[in-house]
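In what follows, a single structure is set out as structure tokens and then discussed.
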Amino acid sequence: MKINKCRFCRGKLDLVLSLGDFPVVNYFPNESEIKKEKKYPLELCICRNCGLAQLNFILDPKKIFQKYHYLSSVSKPLVKHLHNLASDAIKKFNLTNSSKILDIGSNDGVLLEEFKKKHIEAVGVEPSFNCSEISTKKGFRVYENFFDQKLAKKIYQDYGGFDLIAITHTLANIVDLNDFMRGVKLLLKKNGVLVIEVGSLKKMLSDFKFDSIYHEHYSYFSFETLSKLLAKHNLTIIYSKNNLFHGGSLRVFAVHKEINTKASKSLGEVVPSDYKKFVSQIKIRKTKLQNLFSSLEGSLIVGYGAPAKSVTLLNYLSLRSDQISFIVDSTPYKQGRFLPGAHIPVFPEEHLNKVKVDYIFLLAWNYKDEILKKIKSLVKKPVKVILPFSREIIEIK
Ligand code: TMP
Ligand code: ZN
């Protein structure tokens with residue numbers, strides 16, 4: 001569905017960037033499903049009134065999330081990041097074994113497990129059936145639904161309020177932001193704390209990392225737009241910090257406005273020139289990367305990691321299996337299937353020691369350190385590693 005008004009404030013949307021038509025990023029088709037695959041427009045806009053960066057084509061969340069091939073547990077650095085988030089919250093807000101936690105967008109239950117290890121009750125909300133089923137099997141109570149005000153009322157009847165509500169890399173995936181926040185407000189105890197982590201728009205723009213743009217990211221938050229959303233729902237940010245996760249994220253802790261009216265200071269605004277530079281750089285990078293791949297014709301090139309962002313990147317660069325022979329990825333759901341749109345086959349990571357490859361295109365660039373370690377132990381050397389957002393090519397001898 002195409003929209004022309006902001007989903008948060010109903011302001012008019014201005015087009016920033018049109019990337020073309022793209023498939024759903026977190027459903028990897030098998031051979032017979034490839035023919036039925038659909039593509040939808042991907043256009044980044046900004047609201048003239050509130051400044052929220054967002055897409056103007058809203059793909060039905062049911063089409064995106066019901067069968068979801070992304071699992072948090074398969075990426076070790078992500079598990080560690082969530083472990084640190086839980087420890088940080090427990091320490092900062094004196095959470096004890098009588099505290100109750102709600103994780104909205106709990107995927108396969110990694111954060112729920114971190115709280116359980118500390119004997120703190122944690123409840124999840126996860127609309128993707130295959131993911132919620134995994135955490136239910138681990139013994140967690142998970143509401144297998146999209147979170148909204150209606151579900152919040154039901155959760156309130158079952159549990160009352162929560163001491164901590166965690167929304168990590170989930171807020172971008174919410175269509176009706178105001179309804180969602182009304183539900184959060186209802187479930188946050190009087191002295192409760194809300195922790196939100198989102199990809200940082202400012203960092204995405206400054207590093208020209210356009211591959212974070214895909215249909216399930218309906219919104220792209222800066223500190224300013226996130227504060228506006230929270231303020232509208234009478235929530236105040238008391239602590240905020242940027243971190244380098246996923247190439248640049250923004251973590252904030254917020255409480256009810258009645259508890260604390262002194263807001264944390266801004267982490268910097270996004271200005272119109274940031275968008276301008278971003279748009280012009282993307283086109284330059286596209287040409288550079290396409291030229292690089294043309295110059296490598298005859299070499300065996302494979303991809304490492306098949307994250308959602310690789311679907312945007314490879315489709316934008318029009319790279320297909322004649323240039324990238326296969327991709328390896330640790331997610332069981334993706335293996336034996338094909339990368340959406342580009343239709344490059346995906347294999348388990350161990351597949352890399354079966355063939356002699358010349359170049360590896362590091363598609364999950366946010367896990368560079370972890371993956372370089374794996375490449376060193378798995379791959380027949382020498383091999384060269386291409387990073388999509390750096391001019392450097394790493395030689396492993
Ligand atoms: P993400 O960047 O959206 O978290 O996705 C990372 C993808 O990369 C996910 O499909 C899992 C995959 N991956 C590997 O294949 N090997 C690894 O060592 C890591 C850390 C991730
Ligand atoms: Zn707006």
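Bear in mind that the values in this text are calculations on the coordinates, not laboratory data. This one's a predicted model, so the numbers in the text were calculated from it and none came from an experiment. Don't worry about glycine lacking a Cβ; one is built from the backbone with ideal geometry, like all the others, and counts go over all protein chains shown.
By its C-alpha gyration tensor, with a ≥ b ≥ c as the square roots of the eigenvalues, how is region 207-272 shaped: rounded for a/c under 1.5, else prolate for a/b larger than b/c, else oblate?
Numbers: a/c = 2.24, a/b = 1.86, b/c = 1.20.
Here region 207-272 falls in the prolate category.
So, in nm, how far is label L372 from label D88 when the simple model puts each one 7 Å beyond its Cα toward the Cβ?
2.3 nm
Springs between alpha-carbon atoms under 10 Å, Gaussian network over the chain: tell me which of L292, L17, L205 tops the mean-square fluctuations.
L292
Can you give the helix-only mean residue ellipticity at 222 nm for the chain, where every DSSP H stretch with n ≥ 4 adds -39500 (n - 2.57) and the sum goes over all residues, rounded to the nearest 500 deg cm²/dmol?
After summing the helix terms and dividing by residue count, I get -9000 deg cm²/dmol.
What does the C-alpha gyration tensor say about the overall shape of region 104-159? Classify as rounded when a/c is under 1.5, otherwise prolate if a/b is larger than b/c, or oblate. Working shown, then result.
Working: a/c = 2.21, a/b = 1.29, b/c = 1.71.
In terms of gyration-tensor shape, oblate.
Roughly what angle does helix 177-187 make with the longest principal axis of the chain, taking Cα atoms, 0 to 90 degrees, to the nearest 10?
Result, in degrees: 50.
Going 7 Å from the Cα of D176 toward and past its Cβ, which residues in region 1-45 have a backbone nitrogen under 19 Å from where you end up?
Of the residues in region 1-45, 1-11 have backbone N under 19 Å from the label point off D176.
Each label point is 7 Å from the Cα along the Cα-to-Cβ direction; what then is the distance between the points at K36 and K257, in nm?
4.8 nm
What does the extension gain come out to for K397 and S98, with contour length at 0.36 nm per residue minus their alpha carbon separation? Walk me through the numbers on the way to the answer.
Values: separation 299, 0.36 × 299 = 107.64 nm, distance 5.35 nm.
Going from the current span to full extension adds 102.3 nm.
If one takes the longest principal axis of the Cα atoms in the chain, at what angle in degrees, from 0 to 90 and to the nearest 10, does the Cα axis of helix 76-92 lie?
20 degrees
Taking θ = phi - 60°, what integer Hz values does the Karplus form 6.51 cos²θ - 1.76 cosθ + 1.60 yield along region 370-380, in sequence order, with x for Gly and Pro?
4, 6, 4, 4, 5, 4, 4, 8, 9, 9, 5
Enumerate the calculated ³J(HN,Hα) couplings along region 384-397 in order (Karplus 6.51 cos²θ - 1.76 cosθ + 1.60, θ = phi - 60°), each rounded to whole Hz, writing x wherever the residue is Gly or Pro.
The phi angles translate into 10, 10, 9, 9, x, 10, 8, 7, 6, 10, 8, 9, 10, 9 Hz.
Can you list the residues, at least 5 places off or on another chain, whose amide H is less than 5 Å from the amide H of H215, using H built in the peptide plane?
When sequence neighbours closer than 5 places are left aside, the close amide H contacts are V25.
Of the cross-linked pairs K76/K203; K209/K288; K202/K368; K80/K376, which ones have a Cα-Cα span greater than 18 Å in the structure shown?
Over 18 Å apart, Cα to Cα: K76/K203; K202/K368; K80/K376.
I'd like the Karplus ³J(HN,Hα) series for region 198-204: coefficients 6.51, -1.76, 1.60, θ = phi - 60°, whole numbers in Hz, and an x wherever there's a Gly or Pro.
10, x, 8, 4, 4, 6, 4
With a ≥ b ≥ c the root eigenvalues of the C-alpha gyration tensor of region 146-277, is it rounded (a/c under 1.5), prolate (a/b larger than b/c) or oblate? All intermediate terms of the calculation are to be shown ahead of the outcome.
Working: a/c = 2.29, a/b = 1.58, b/c = 1.45.
Judged from the Cα gyration tensor, region 146-277 comes out prolate (a/c at least 1.5, a/b above b/c).
Enumerate by residue number the GluC sites (Glu not before Pro) in region 218-318 meeting two conditions: DSSP loop (anything except H, G, I, E, B), and at most 12 other Cβ atoms within 10 Å of the site's Cβ.
Working: sites: E224, E258, E269, E297; in loops: E258, E269, E297.
Of the GluC sites (Glu not before Pro), the ones in loops of region 218-318 whose Cβ has at most 12 other Cβ atoms within 10 Å are E258, E269, E297.
Could you tell me what a quarter of the Cα convex hull surface of region 282-373 works out to, in nm² with one decimal place? Please report the intermediate quantities before stating the final value.
Details: hull surface 23.5 nm².
For region 282-373, the mean projected area of the Cα convex hull comes to 5.9 nm².
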